[in-house]
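Following: one structure in structure tokens, then a few remarks.
The values are calculated or read from the model by the stated rules, or taken from the named source; none is laboratory data. Values in this document were obtained by computation on a predicted structure and should not be read as measured data. Cβ placement follows ideal geometry from the backbone for every residue including glycine, while neighbour counts extend to all protein chains displayed.
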Amino acid sequence: MLKTFGIGTLAVVGSMLIGSTAFASTVTQYTDSSSFSSAMGVPLSVEDFTNQVHYPILSGTLNSATNTTVANGTPITPGMILPGVTYSTPIGTGNFFNIDEGLYFTGGFLDRTSGNSSNKASVALTTSFDQNVNGFGFLASPLMGTDMTVTVHFTSGPDASFSNISIPSSGTSFFGFVSNATDITSATIYGNDPTTPFAIDNFTYPTVAAPTIAAPAPSTIDDVGLALLIGAGCLQVRTRRRRSAAWH
């Protein structure tokens, strides 16, 4: 199932709310992971939030650099979460930001509890990308309610808000969002459940290339080799002079 809006469109298509201001890009919503992957057209990473519990995350922030102990489960250490995305939510009380397990999902999943608020956007999950991306997707469950809102933020121009997205009453469901440009900087996600505004897993996004260490240029290697040879030669000459002096 696809839902698409383009530049300068004023309409409501299915569960997608479209404003009167022109958007910089065309954004398409997908409910099929295969079609989503094909539309993305780039290598993808899938964050599964590990296979066990780690909660609460008291900083309200989770990314590949997170290094913290938790009251329940093993510590979260650097590299446990894939690079490329920071997941955050406003700081709350109790077990407000968690990696839980089970409950429709296989292994770990990311959620918020104690999310009671008349303004669900105020307790949303924000996914911020280290570099601009052309899309993202995730699994959602009815733990977060009967419907949700996903707002996509761009490098410029107004946000694209997809509201009243229906969440099936059992199991998990895939939702993906693809822009026709690499201009997505972040997104906010929240459902209408009174206590659990988000519960997601398998967050999917373009793979971030691992940092590479540049090899020295050939000229640099030659210079180093020449310096070593000269140094060795000088040492040999000094050694011979010392031996010659010793005989006199």
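Some values worked out for this structure:
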quantity: Members of segment 168-194 found to be buried (at least 21 other Cβ atoms within 10 Å of the Cβ) and among the hydrophobic types (A, V, I, L, M, F, W, C), listed by number; calculated: Phe175, Phe177, Val178, Ile184, Ala187, Ile189
quantity: Members of segment 60-90 that are within 17 Å of the chain's Cα centre (by Cα) and in a strand (DSSP E or B); calculated: Thr61, Leu62, Ile76, Val85, Thr86, Tyr87, Ser88
quantity: Within segment 174-212, tally of residues that are under 21 Å from Val123 (Cβ atoms) and either of a type in the set (Gly, Ala, Ser) or without any contact (Cβ under 8 Å) to a residue 40 or more places away in the chain (or both); calculated: 4
quantity: Out of Ser166, Ser156, Ser114, sole residue that is closer than 23 Å to Phe36 by Cα, in the same structural domain as His54 (by TED's automatic domain parsing), touching a residue at least 60 places away in the same chain (Cβ under 8 Å) and among the hydroxyl-bearing types (Ser, Thr, Tyr); calculated: Ser166
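Yes/no per residue for (1) modelled with pLDDT of 90 or more; (2) of a type in the set (A, V, I, L, M, F, W, C); (3) touching a helix residue (DSSP H, G or I) at 6+ places or on another chain (Cβ under 6 Å); (4) not assigned by TED's automatic domain parsing to the domain that holds Thr77:
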position	(1), (2), (3), (4)
Gly14	no, no, no, no
Leu17	no, yes, no, no
Ser20	no, no, no, no
Ser25	no, no, no, no
Thr28	yes, no, no, no
Ser35	yes, no, no, no
Pro43	yes, no, no, no
Phe49	yes, yes, no, no
His54	yes, no, no, no
